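The structure under discussion appears below in the form of structure tokens.
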Amino acid sequence: MEDFPEMYQGKDPEDIESFQGERRKIIQPTSLKDPKLEKLKSVLVNWINSTLKEEHIVVQSLEEDIFDGLILHHLLGKLAGVLLSVDEIAVTSAAQTRKLEVILEALNEKLGLQDNSLSRWSVKLIHSKDLLATLHLLVAMVRCFQPNLELPLNVRVEVVLLEVNRSGIKSEKEIEILTDESDSATDALSSSDSEDPIEQLLKLEPHKINTVKRAIMHFVNKKMSTLGLQVTDMEKQFSDGVILLLLIGQLEGFFVPLYDFNITPVNATEMLQNVTVALDLLNDIGLPTTNIEPQDIVSQDVTATLKVLYALFKKHKSR
């Protein structure tokens, strides 16, 4: 085994080697001093304490107070009304791990994570007091359960992606995004005189396109959180028209009768019918879609999907 990187000198090698065969991200010490990260941690601590004030629970450190499951258990009960049959206080490491397994399974379900492998946290990471995993989990909880809470924008940290195996330690650096980027790119689109800002957007650099897509996705998930839904794949999840219809209803304040569309479309014809209904509704509320064909949405055309979502985003962004 080769020497540990300098940032891990002085730490018990067993702490790192316990993750042998896995890939683990660890925040660089310089990023830990970033004022934006400190602000995010402060906002999350204050959010937890205000949420659990009636239960006389006080959190001082995200690293030290979240790992055993007590706080997460109370947040889940307070925010989602989920009552789990777990010990209030788990003393041993094994008991804490078992408790976290139950809590995170329920939390992931509420957050819309069907595949735990896609999440940025795990029982092992949370219990090991991994700050990065803890922050990702708490940010996801805020977005789901209290989307009106303003988190600081553009919080990103430099991490080391560490892989420990029998032949040694492999590490590489990368940037991890914790909160949404500033939506200045979408603001620029909003002020543009172009008749088709999405066409203009798609001519920009990829990172600017991704900034706009992330802002729109955050907007969509914020509006859909009350229905317990989360969008992770813009083109795919809107292609059958179901979430699009539900989103329009949420934004415009009306209920789309279930008999007007197929809630569980099983073929392209039913998907096409759903999207057609959605585009007709958009025309009715004054958002013309004359240059968008229903088939474009069904076929997961990124330009058509973005045009529809951006129109809704532009109208309802400040509401």
### Query
What number goes with the only condition from (1) surrounded by fewer than 15 Cβ atoms within 10 Å (Cβ to Cβ); (2) modelled with pLDDT of 70 or more; (3) under 30 Å from P29 (Cβ atoms) that N165 does not pass?
(2)
### Message
Return the residues of segment 58-97 that are open to solvent by less than 70 Å² (accessible area, probe 1.4 Å) and not in a helix (DSSP H, G or I); say none if nothing qualifies.
### Response
V59, S61, I66, F67, D68, G69, G81, V82, L84, V86, A90
### Task
Please specify each residue of segment 286-298 satisfying the condition of being at pLDDT 85 or above, assigned to a loop (DSSP other than H, G, I, E, B) and either β-branched (V, I, T) or under 28 Å from the mean Cα position of the chain (by Cα) (or both).
I292
## Note on the structure
Per the list (1) assigned to a helix (DSSP H, G or I); (2) in contact with a Ser or Thr (Cβ under 9 Å, 6 or more places away or on another chain); (3) at pLDDT 85 or above, residue check on V160 breaks on (1)
### Some residue of segment 129-140 being more than 26 Å from N154 (Cβ to Cβ), in a helix (DSSP H, G or I) and either open to solvent by 10 Å² or more (accessible area, probe 1.4 Å) or touching a Ser or Thr at 6+ places or on another chain (Cβ under 7 Å) (or both)
no
### Message
Being farther than 15 Å from E270 by Cα and not in a helix (DSSP H, G or I) is the filter here; which residues of segment 224-248 pass it?
### Response
G228, L229, Q230, V231, T232, D233
### Task
From L100, L40, grab the single residue that is assigned to a helix (DSSP H, G or I) and within 14 Å of L138 (Cα to Cα).
L40
### Message
Take the residues in segment 228-261 that are over 18 Å from L282 (Cβ atoms) and of a type in the set (S, T, N, Q); name whichever of them is least open to solvent (accessible area, probe 1.4 Å).
### Response
Q230
### Query
Here are some residues: S50, S119. Which one is of a type in the set (G, A, S), within 29 Å of M224 (Cβ to Cβ) and open to solvent by 40 Å² or more (accessible area, probe 1.4 Å)?
S50
### Query
Counting just the residues of segment 262-278 that are assigned to a helix (DSSP H, G or I) and more than 27 Å from the chain's Cα centre (by Cα), which one comes out surrounded by the fewest Cβ atoms within 10 Å (Cβ to Cβ)?
T269
### Query
For A304, are the conditions met, namely being touching a Leu at 6+ places or on another chain (Cβ under 9 Å), open to solvent by less than 50 Å² (accessible area, probe 1.4 Å) and of a type outside the set (K, R)?
no
### Task
Would you mind stating whether D284 is over 30 Å from N154 (Cα atoms), surrounded by fewer than 18 Cβ atoms within 10 Å (Cβ to Cβ) and among the acidic types (D, E)?
yes
#### Entry: L312 vs. criteria closer than 13 Å to L251 by Cα, open to solvent by 30 Å² or more (accessible area, probe 1.4 Å) and part of a helix (DSSP H, G or I)
no
### Task
Could you list, in sequence order, all residues of segment 13-62 that are at pLDDT 85 or above, charged (D, E, K, R) and out of contact with any Asp or Glu (no Cβ under 7 Å at 6 or more places or on another chain)?
K33, D34, K36, E38, K39, K41, K53, E54, E55
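The values are calculated or read from the model by the stated rules, or taken from the named source; none is laboratory data. Values in this document were obtained by computation on a predicted structure and should not be read as measured data. With ideal geometry, Cβ positions are generated from the backbone for all residues, glycine too; neighbour counts draw on all protein chains shown. When the accessible area is computed, the model is the full protein with side chains, heavy atoms only, and any ligands, DNA or RNA have been set aside. Shrake-Rupley method; radii C 1.70, N 1.55, O 1.52, S 1.80 Å.
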